[in-house]
1. Could you give the size of the charge dipole of segment 15-118 about its Cα centre, using +1 on the Cβ of each K and R and -1 on the Cβ of each D and E, expressed in debye and rounded to the nearest 20?
2. Full-extension gain between MET433 and LYS108, please, as 0.36 nm times their residue separation minus the C-alpha to C-alpha distance.
3. Taking 0.36 nm per residue of separation and subtracting the Cα-Cα distance, what length does fully extending ARG185 through MET82 add?
4. Using a Förster distance of 45 Å, how high is the FRET efficiency between ARG207 and THR365, based on the Cβ-Cβ distance and rounded to 0.05?
5. For a Förster distance of 25 Å, can you work out the FRET efficiency between the beta-carbons of GLN405 and ASP324, rounded to the nearest 0.05?
6. Which entries in LYS44/LYS278; LYS44/LYS200; LYS211/LYS278; LYS278/LYS338 show an alpha-carbon gap greater than 27 Å?
7. Expected output is a single nm value to one decimal: the length gained when fully extending between MET352 and ARG57, i.e. 0.36 nm times separation in residues minus the C-alpha distance. What is it?
8. What ranking, highest mean first, results for peptides 134-143, 52-61 when packing means the other Cβ atoms within 10 Å averaged over each residue?
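We did not get these values from a lab; they are worked out from the coordinates using the rules stated. Being a predicted model, the structure only gives us computed values, none of them experimental. All Cβ positions, even for glycine, are placed from backbone atoms using ideal geometry, and neighbour counts span all protein chains on display.
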Amino acid sequence: MSKKEPLPTQMPRERAFLIGVEIRGEEGLLPLEESLDELALLAKTAGLNVVGEASQRLENRNPKTLIGAGKLEEVEALAEEMRAEVLIFDDELSPRHQRELENVFTDKVRVLDRTALILDIFAQHASTHEGALQVELAQYEYRLPRLTRAWTHLARQAGGGGGRTGNGGVGLRGPGEKQLEVDRRDIRRRIDQLKGELEKVRAHRGRHREKRKRARIPVVAVVGYTNAGKSTLLNRIAGADVLTADQLFATLDPTTRRVELSGGRVALFTDTVGFIQKLPTTLVAAFRATLEEISEAELLLHVIDATHPSALAQSEAVLETLADISAEHIPMLTVLNKVDRFADDADLAALMEDFPGGVQVSALTGAGMEALLDAVHRKLYESFTEVSVHLPFQEGALIALFHEQGQVDKVEHTRRGVRMEGRLPGRLLARFMPFETTNVIEVLEEEEEDA
């Protein structure tokens with residue numbers, strides 16, 4: 001009897017130990033324990049095997065090692081006992097904290113933070129040239145202040161656009177892996193190059209948006225916390241084929257699909273990267289071109305995982321990020337997803353008290369889709385809102401649009417532009433919001449000051 005060939009085996013996943021820290025007065029949107037649970041999901045998404053965790057509540061940060069000396073000794077002992085290969089902190093470590101912790105653990109255990117972990121996940125999931133550029137920029141901007149000999153744990157060659165090391169390690173993938181051979185000047189030069197390339201992407205997106213505006217097709221941006229079911233929802237209502245997976249940040253690159261509404265109307269639905277609490281500022285900046293798809297939309301569909309115990313806190317994290325990208329003024333429709341999982345109607349009714357007016361759907365089963373599309377139609381085409389705007393003369397296209405699509409009650413020409421009062425359909429509100437004025441006296445006072 002011939003000997004069987006050995007079956008191929010997967011590379012063992014690295015063993016990760018998680019550390020959460022809560023500073024009095026700086027509590028996050030999620031409680032410490034839930035935030036650590038989320039970090040565990042991030043680690044799993046990155047391909048790590050979580051073997052343990054520790055947490056500490058502090059009055060103030062330890063200036064050297066973030067956590068206290070006693071807790072640090074405890075973590076050392078637990079990491080050794082669990083045979084951990086990487087420590088992951090649930091907050092972004094300062095460059096000094098990073099250096100000091102790496103000095104403590106030397107080559108025994110690698111030290112990463114939440115930002116590095118998210119960057120690693122983004123590097124895995126960036127499937128387009130634009131996505132790769134954005135991730136690379138975020139990586140370099142994160143690395144620059146940390147460019148010291150302490151980065152030997154990330155010294156590696158990127159093979160085929162990044163990837164794991166021979167032992168299945170996770171760090172920051174992408175170019176520039178040999179940190180000791182790259183100096184700050186070279187990195188700054190590369191950052192400038194990446195920003196230049198992304199500006200071209202941004203300009204290209206801007207031209208496409210202008211074409212859509214001229215075609216008078218409203219854009220609906222699907223936003224929400226990561227893993228809330230945004231891509232599944234887009235697949236359901238548009239017959240799209242966006243990647244869906246039960247993991248965080250399954251999709252990064254925006255996907256736009258044409259959707260038929262009631263009455264023969266149509267809209268373009270765009271799905272973009274999911275949000276998360278403590279979203280690294282480097283990512284928000286790097287993904288500026290992509291996030292502008294949200295800030296230029298006529299309506300936001302805020303998809304919420306209705307089954308999540310921290311649905312309200314996740315919603316707040318999304319709203320904070322929308323404010324960061326100056327998109328908080330855009331009309332919004334709240335969508336409570338995954339309602340098929342509720343066995344008790346009373347639980348769902350209690351949730352509706354936190355999200356009044358929310359549309360209940362199940363992207364998985366298709367329940368509530370007709371009601372959702374009807375609600376989108378009403379928001380875009382049927383609901384008119386009273387506005388008072390002061391439009392500069394150079395915004396002639398908006399002045400004409402108000403006359404064509406709105407109901408004009410009053411027009412007043414001033415030295416700096418045209419003041420218009422009337423009613424606009426919901427799909428146009430976002431375009432006029434930057435020019436909104438609620439008090440004509442303020443406008444007149446400004447003009448008197450200019451004079």
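1. For this selection, approximately 320 debye.
2. Full extension from MET433 to LYS108 adds 111.5 nm.
3. Gain on extension, ARG185 to MET82, equals 33.1 nm.
4. Working from the Cβ atoms, E equals 0.70.
5. For R0 = 25 Å, the calculated efficiency reads 0.25.
6. The pairs that break the limit, which is 27 Å between Cα atoms, are LYS44/LYS200; LYS211/LYS278.
7. Contour length minus the Cα-Cα distance gives 102.9 nm.
8. So the peptides 134-143, 52-61, ranked by packing, come out 134-143, 52-61.
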